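Asks: Before anything else, here's the structure in question.
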Amino acid sequence: MSLRRSCLSRRISRSFRETQKSLKETRLSGAGDDSAESDSASGSWAGMLPELLGEIIKRVDTSEDRWPQRQNVVACACVCKRWRDITKDIVGSPLLNGKITFPSCLKQPGPRDLPHHCLIKRNKKTSTFYLYLALTPSFNDKGKFLLAARRYRRGAHTEYIMSLDADDLSQGSNAYVGKLSSDFLGTNFTIYDSQPPHSGAKPSSSRSSRRFASKQISPQVPAGNFEIGQVSYKFNLLKSRGPRRMVCTLKCPSSGETASDKYLDNSEMKKSETAVSGYTVLRNKSPRWHEHLQCWCLNFHGRVTIASVKNFQLVATVDQSQPGGKGDEETVLLQFGKVADDTFTMDYRQPLSAFQAFAICLTSFGTKLACE
């Protein structure tokens, strides 16, 4: 009985191998006889009529307006170069549609009317911070991952390396998008972009801002960091002047600018709060003293639940993109606050991008010897 079963098993295996071999030969012979037809089949997606292709992608973009369903829009852009170009044209920037779709959207200005609600998760053991786009009003949901940052100690300075990859946080990675560098006291910070902000831009010459060579870096990408903004905290020894006071000076991309000219040259950077050409100057909104609670208070509209020295709201004092260069000191452009031990909310809007807002919020972490 066992011998008969063994013979039957061998026959079935031999028959299966012969069938697979014949099918493989048939496919190969078909490809050899009509290679043009095969090439046409492989390029059938790219050869779709532009009107039909545009209508398909437009409907997908309209119907899938939130993550994780929005990954279908990204899938359309991954079909081929032609699909990618058309998808990018239809999707547009977050300034116009209020949607984050591609990594390039992280360096474009946020929505004009309603802010993007984001969450920052902190891992104290690894000094790592993760930025997520909130998908629900709950603070417990992780949301859509956007950026990650890790804090490093470089001698007397501290650096935050920002990346698109949560597991690869190094300046030699293709996922590297920029960094934040602070002084010894942790009161002055410089924001660097990994990409040249405009044609002819020169990377910063300081040793701490150089991007070291790596096999992962493309030869076409300049191996450097480009200074695009500064964040400074006012001296406040023993809290004699109340809570922290901060001023941010940075060039924000506007709706009329292209990706190549969204920042000005480093030589035009000014630290003055009033005479800054082409830059937006933000300052934190002053809290009011609550007599009953005996503490400083700000209205975060339910987006912050735990009192912390890190909490802040930023408004514009100087905005060169507006008539007269005056900013709206009532509209909150960025607010950051604590909702759990290692969870913080980050809400930003035009003219800030997610990358800039994340960098500014990172400055709030860490001890500031001269500010508190």
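Asks: Within the set of other residues whose C-beta is less than 15 Å from the C-beta of Thr343, count the net charge using Lys and Arg as +1 and Asp and Glu as -1.
Replies: With Lys, Arg at +1 and Asp, Glu at -1, the net is +3.
Asks: Continuing with the same structure: In nanometres, what is the gap between the two model label sites at Lys125 and Met48, each 7 Å from Cα along Cα-to-Cβ?
Replies: Distance between the two pseudo-spin positions: 4.6 nm.
Asks: Evaluate the distance, in nm, between pseudo-label points positioned 7 Å from the Cα of Glu55 and of Lys81 along their respective Cα→Cβ axes.
Replies: Roughly 2.7 nm, to one decimal.
Asks: Give me the distance in nm between label points sitting 7 Å out from Cα along the Cα-to-Cβ direction at Trp296 and Asn140, one decimal.
Replies: Rounded to a tenth, the inter-label distance reads 3.3 nm.
Asks: In addition: From the Cα gyration tensor of region 50-147, with a ≥ b ≥ c the square roots of its eigenvalues, which class applies: rounded if a/c is under 1.5, or else prolate if a/b is larger than b/c, or else oblate?
Replies: prolate
Asks: Let me ask another. Pulled fully out, how much extra length does the chain show between Ala156 and Phe102, if you take 0.36 nm times their separation in residues and subtract their Cα-Cα distance?
Replies: My answer for the length gained is 15.8 nm.
Asks: Longer than 22 Å from Cα to Cα, which of Lys125/Lys310; Lys125/Lys179; Lys99/Lys310 are they? Say none if no pair is.
Replies: Among Lys125/Lys310; Lys125/Lys179; Lys99/Lys310, the Cα-Cα distance tops 22 Å for Lys99/Lys310.
A short reminder: the numbers here are calculations on the coordinates, not readings from a lab. No experiment lies behind these values; they were computed from the predicted model shown. Cβ atoms come from the backbone with ideal geometry, glycine included; neighbour counts cover every protein chain shown.
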